[in-house]
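Take a look at the structure set out below.
The values are calculated or read from the model by the stated rules, or taken from the named source; none is laboratory data. Not measured: the values here are computed from a predicted model. Here the Cβ is made from the backbone with ideal geometry for all residues, glycine too, and neighbour counts use every protein chain on show. Please note that ligands, DNA and RNA were not included when accessible areas were found on the heavy atoms of the full protein model with its side chains. Shrake-Rupley method; radii C 1.70, N 1.55, O 1.52, S 1.80 Å.
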Amino acid sequence: DGRLTFYPGNQTVDLPFINFMKRYGTVFLNAYTNSPICCPSRAAMWSGLFTHLTESWNNFKGLDPGYVTWMDLMEKHGYHTQKFGKLDYTSGHHSVSNRVEAWTRDVDFLLRQEGRPMVKVTGDKTHVRVMEADWRNTDKAVDWIKEEAINLTQPFVLYLGLNLPHPYPSPYAGENFGSSTFLTSPYWLEKVTYEAIKIPKWSSFSEMHPVDYYSSYTKNCTGEFTKQEVRNIRAFYYAMCAETDAMLGEVISALRDTGLLKKTIVIFTADHGELAMEHRQFYKMSMYEGSSHVPLLVMGPGIKEQQQVPNVVSLVDIYPTMLDVARIPVIQNLSGHSLMPLLCGKAENEASPRGPRPSWVLSEFHGCNVNSSTYMLRTGKWKYITYSDGRSVLPQLFDLSDDPDELTNVAVKFPVIVHSLDKILRSIVNYPKVSSSVQEYNKKQFMIWKQSLGQNYSNVIANLRWHQDWLKQPKKYENAIDKWL
């Protein structure tokens, strides 16, 4: 959650290496994902293109395997490149459940797709390495810096992708029943200030936007949660962030120990945030700040120190920034703009040859747990969220300066602003058309998948992550799918 990298969010947990990057570099106060879910977000970051251009509609559909990323271009231009850990930007990953839930979101049924979010403590106060796979990848990156990078005669670019602070799969429910355990040790919980944890407002169902209700239901968050449960989920999430920060620290320390820190640009960001029970949801897949607002910190030679940038930026800006750093000519058709002018503290009029940076960012979502394509335009103090064709589902408008928790939809109150923001959005993306092509894609993919299973179809679909609800009335849900098809 990007809000943890600056005040007041950072009062809840000790993140020493994020703070180190703030002291010696720049923090972006308004950085957003272009799609709040793993694969589509990463597809945008690696390609520099908006989601409707990459057509990375869900966690299964990303970039083609041979897509030329900014890292490929840097390699072509003489950089030594190295990747460790989670990449997840090409098509074909994630579970069958993920795919089918995304394709069937237009079906007229409500089925829980997740296990109820829970917390779990592991080990004791000496247990530091909770997320072992991430630590192994961090060790690899550290060893590479100390053994390889130090001896290179050419410049290098190193990418380290971590899973944390993503919740863990819940083993007790079998692999079909979702990822929903916030897991940490007492060592990391000690880094969290419980008194500073804000308990989000718990909306009644009648107050909820219909799309939010669908999300809350499919994420298994419509039941009762005590304040203690909610506080714990949030605390454990923050503790997982502290562990992530420590991995960042290992990389920074390795660069410092080898004398490379002074001549290396370090970027820290994430594919999406975590709602951690805000808006009666956990996970991501939402345009609310907890889910769509990502961290973005940069430090290194030429980067202004102790700078806070208020401009709205997004992950598609990484591609042109990396090319800018490497002095590689930026191709013209990118969705993003280089962050270098902002990072060096230059005035906006010294902007890139591509013209000035726009005053808005775009995020969109077409995947599971949300029963409508969603588009978010963030500009100035406004966040405008619209759905589907822009008519069948009511839009939302939030004034973030007045209502940072996004509790009051003021769309009806400010029709003129809604109209002008909608006009800007339509000039960037013909969103009713995109929504309709996603609907066509979903139906087509589902039918191909269904045909490939033959007689076995009913059995497979009954045992996906929604099996607990599905098996109560399988005929009813099969009929709903037939009606949709």
Selection from region 236-271 of residues of a type in the set (Asp, Glu), part of a helix (DSSP H, G or I), in contact with an Asp or Glu (Cβ under 9 Å, 6 or more places away or on another chain) and open to solvent by 10 Å² or more (accessible area, probe 1.4 Å) yields Glu250
If I ask for residues that are out of contact with any strand residue (DSSP E or B) (no Cβ under 7 Å at 6 or more places or on another chain) and outside any loop (DSSP other than H, G, I, E, B), which ones from region 198-215 would you list?
Phe205, Ser206, Glu207, Pro210, Asp212, Tyr213, Tyr214, Ser215
Can you name the helices (runs of 4 or more DSSP H) wholly within region 1-63 that have at least 2 residues being of a type outside the set (S, T, N, Q), open to solvent by 10 Å² or more (accessible area, probe 1.4 Å) and farther than 24 Å from Glu364 by Cβ?
16-24
Select from region 395-410 the residues that are surrounded by 15 or more Cβ atoms within 10 Å (Cβ to Cβ) and either part of a strand (DSSP E or B) or in contact with a Ser or Thr (Cβ under 9 Å, 6 or more places away or on another chain) (or both) and list them in ascending order.
Pro395, Gln396, Leu397, Phe398, Asp399
Kindly state which helices (runs of 4 or more DSSP H) lie completely within region 438-485 and contain at least 1 residues that are within 29 Å of the chain's Cα centre (by Cα).
457-462, 467-470
The strands (runs of 3 or more DSSP E) lying wholly within region 293-372 that contain at least 1 residues that are in the same structural domain as Tyr213 (by the TED database) and either of a type in the set (Lys, Arg) or open to solvent by 20 Å² or more (accessible area, probe 1.4 Å) (or both) are 307-314
Test of understanding: among Asp469, Asp399, which residue is in contact with a Lys or Arg (Cβ under 6 Å, 6 or more places away or on another chain), more than 30 Å from Pro358 (Cα to Cα) and not assigned by the TED database to the domain that holds Met277?
Asp469
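Here's the yes/no breakdown for (1) open to solvent by 20 Å² or more (accessible area, probe 1.4 Å); (2) in a helix (DSSP H, G or I):
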{"site": "Tyr217", "(1), (2)": "yes, yes"}
{"site": "Cys221", "(1), (2)": "no, no"}
{"site": "Glu229", "(1), (2)": "yes, yes"}
{"site": "Arg234", "(1), (2)": "no, yes"}
Residues located in region 1-31, provided they are in contact with a Lys or Arg (Cβ under 6 Å, 6 or more places away or on another chain) and of a type outside the set (D, E, K, R)
Gly9, Val13, Thr26
Would you please name the residue that is farthest from Gln281 (Cα to Cα), looking only at residues in region 373-394 that are open to solvent by less than 30 Å² (accessible area, probe 1.4 Å) and in a loop (DSSP other than H, G, I, E, B)?
Gly390
The conditions are (1) over 16 Å from Ser388 (Cβ atoms); (2) open to solvent by 90 Å² or more (accessible area, probe 1.4 Å); (3) not aliphatic (A, V, I, L, M), and Arg426 fails exactly one of them. Which is it?
(1)
Only one of Gly249, Gly290, Gly273 that is small (Gly, Ala, Ser) and either closer than 27 Å to Leu152 by Cβ or modelled with pLDDT under 95 (or both):
Gly249
